[in-house]
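Contents: one structure, followed by commentary.
The values are calculated or read from the model by the stated rules, or taken from the named source; none is laboratory data. Quantities reported herein were computed from a predicted structural model and do not represent experimental measurements. With ideal geometry, Cβ positions are generated from the backbone for all residues, glycine too; neighbour counts draw on all protein chains shown.
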């Protein structure tokens, strides 16, 4: 398994971890004295979930092939 095959799979893992961080952050932010910690966790979760797409937009990783065309 090369890196181009591993990257889409890691994208799903980053999305799940990011969503869990957002849910935990929103739950913590309901308490008034922990609102800042919850907000930080929500922003961190969003960045983790969006990191595969952001890395492709910035140009760190090349977008993976969609697989619509037959291999040559």
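Results, tabulated for the structure shown:
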{"quantity": "Region 39-54 residues that are on the phi > 0 side of the Ramachandran plot and modelled with pLDDT of 95 or more, paired with ones that are part of a helix (DSSP H, G or I) and buried (at least 20 other Cβ atoms within 10 Å of the Cβ) (beta carbon under 6 Å, 6 or more apart)", "calculated": "none"}
{"quantity": "Total residues in region 20-32, condition part of a helix (DSSP H, G or I) and either crowded, with 16+ Cβ neighbours inside 10 Å or at pLDDT below 95 (or both)", "calculated": "5"}
